[in-house]
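The values are calculated or read from the model by the stated rules, or taken from the named source; none is laboratory data. Please read these numbers as outputs of a predicted model, since none were measured by experiment. Quick reminder, even Gly has a Cβ in these numbers, built from the backbone with ideal geometry, and neighbours come from all protein chains shown.
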Amino acid sequence: MQLHELKAPDGATRERIRIGRGHGSGKVKTGGKGTKGQNARAGGGVPPYFEGGQLPLIRKLPYRRGFRNPFRVEFREVNVRDLNDFPAESTVGPEEFDTAGVLRGGSGPVKVLGQGDLSVKLTVRAHKFSAAARQKIEAAGGTVEIIE
């Protein structure tokens with residue numbers, strides 16, 4: 001089958017009704033538009049938001065600025081200074097942070113931030129690390145593991 005051989009099936013299209021073209025057409029005089037009025041005129045009609053002259057709903061509502069990203073990921077945060085409370089050479093992650101009560105934020109993935117100093121060698125597991133946090137953990141002799 002070639003492109004030029006394609007054709008719409010029978011009944012897929014119908015002829016348009018030619019209004020106002022004589023009594024034989026069945027659509028005479030006003031052409032199915034009723035009598036007079038704004039909607040009977042060429043180009044007539046009101047916009048979809050028009051409410052008959054009453055103050056439109058769109059003007060009653062406050063003007064909202066900005067944009068809320070529906071795909072934003074809210075991280076729970078823990079700072080490097082809070083990691084000093086854990087025993088040396090241990091592996092710590094979101095579960096340990098939660099039981100120790102050092103996590104800030106409601107729910108979601110965990111991000112380690114670089115505020116404060118770390119003096120304990122730890123293996124830290126989290127979903128995300130700031131550059132400063134990674135640098136301070138590795139400077140203390142620890143390692144960083146990213147949870148997928």
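So which pairs qualify, if the first residue must be in segment 56-84 and over 30 Å from Ala126 (Cβ atoms), the second must be assigned to a loop (DSSP other than H, G, I, E, B), the Cβ gap must be under 9 Å, and the two must be at least 6 apart or on different chains?
Pro56/Tyr49; Pro56/Phe50; Leu57/Tyr49; Leu57/Glu51; Ile58/Tyr49
Residue by residue through segment 107-122, note down the ones that are modelled with pLDDT of 95 or more and loosely packed, with under 13 Cβ neighbours inside 10 Å.
none
Restricting to segment 107-128, and then to whatever is part of a loop (DSSP other than H, G, I, E, B) and under 32 Å from the mean Cα position of the chain (by Cα), can you tell me which residue is nearest to Ile146 (Cα to Cα)?
His127
What are the residue pairs meeting all of these: first residue in segment 1-28, first residue not charged (D, E, K, R), second residue not in a loop (DSSP other than H, G, I, E, B), Cβ atoms under 8 Å, and 6 or more apart or on different chains?
As it stands, the answer is Ile17/Ser25; Ile19/Ser25, since those pairs meet every condition given.
Residue check: is Lys36 surrounded by 10 or more Cβ atoms within 10 Å (Cβ to Cβ) and more than 42 Å from the chain's Cα centre (by Cα)?
It is false that Lys36 is surrounded by 10 or more Cβ atoms within 10 Å (Cβ to Cβ) and more than 42 Å from the chain's Cα centre (by Cα).
Check segment 9-25 and report whether any residue there is modelled with pLDDT under 90 and on the phi > 0 side of the Ramachandran plot.
Taking every residue of segment 9-25 in turn, at least one turns out to be modelled with pLDDT under 90 and on the phi > 0 side of the Ramachandran plot.
Restricting to segment 48-106, what's the tally of residues that are of a type in the set (A, V, I, L, M, F, W, C), under 22 Å from the mean Cα position of the chain (by Cα) and surrounded by 10 or more Cβ atoms within 10 Å (Cβ to Cβ)?
Qualifying residue count for the region: 2.
Taking Gln115 as the residue in question, decide whether it is under 30 Å from Ala140 (Cβ atoms) and of a type in the set (S, T, N, Q).
The answer is yes for Gln115.
Return the residues of segment 37-94 that are touching a Gly at 6+ places or on another chain (Cβ under 6 Å), polar (S, T, N, Q) and assigned to a loop (DSSP other than H, G, I, E, B); say none if nothing qualifies.
Scanning segment 37-94 gives no hits.
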